[in-house]
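Report on one structure; see the data block that follows.
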Amino acid sequence: MTESSRLQALDGTEAPVTRIADLTRNSRNVSVEFKVICKQNPRQVTSKKSGKRLLVADARVADPSAQIALVLWNEDAEEIETGSLYRLTNGTVIVHEESLQLGRGRNGSFVRLPTKDMPTNESLDMSVPFLGRRKKRETSSSGRTFDGVSGRETKGYCSSKGF
């Protein structure tokens with residue numbers, strides 16, 4: 001890994017920067033560098049647990065590998081600016097309504113990067129539900145899967161595992 005793809009962690013050790021395309025639903029404590037493509041205006045919501053009023057804003061961020069949705073809470077919703085570059089340290093990946101989202105989490109932090117030119121790949125969206133995660137079972141012309149199980153879909157019904 002090159003020096004530009006590493007950053008200093010709080011304890012002085014070097015932590016690798018993760019590409020957005022490499023994020024999974026199990027990713028925790030990730031460090032990501034990204035450019036903010038767009039950000040919605042913050043809105044107020046009420047917490048179901050505590051009843052407190054909170055600010056939340058949705059943003060789209062991208063790096064050279066892909067783009068993903070970013071959820072910003074409270075002071076982050078006001079401080080993060082469109083078009084700027086940031087580094088998220090100790091961030092988490094959230095699964096909401098079967099979509100991946102990036103979040104700061106409890107121990108995460110945002111650092112604004114001084115440079116403003118980063119190429120972005122907006123064609124690969126990691127927030128699309130089931131992007132590249134579900135494989136369709138192949139069937140033969142006789143309506144049977146290659147495992148030998150008869151295919152209900154040839155008789156006009158949905159498959160037994162289709163719902």
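Each value in this text was obtained by applying a stated rule to the coordinates, not by laboratory testing. Not measured: the values here are computed from a predicted model. For neighbour counting, all protein chains shown are included, and Cβ atoms are generated from backbone atoms with ideal geometry for every residue, glycine included.
Summarising the amide proton neighbourhood of Ser27: residues at separation of 5 or more, or on other chains, whose placed amide H is nearer than 5 Å comprise Val93. With contacts taken as Cα pairs under 8 Å and at least 6 residues apart, region 37-107 reaches a relative contact order of 25 percent. Between Asn26 and Asp117, what FRET efficiency follows from the Cβ-Cβ distance if R0 is 45 Å, with the result rounded to 0.05? The computed FRET efficiency comes out at 0.90. As a rough guide to protection, the peptides 64-71, 47-54 ranked by mean Cβ packing within 10 Å, highest first, stand as 64-71, 47-54.
A Förster radius of 25 Å combined with the Cβ-Cβ distance from Glu79 to Ser50 puts the calculated FRET efficiency at roughly 0.65.
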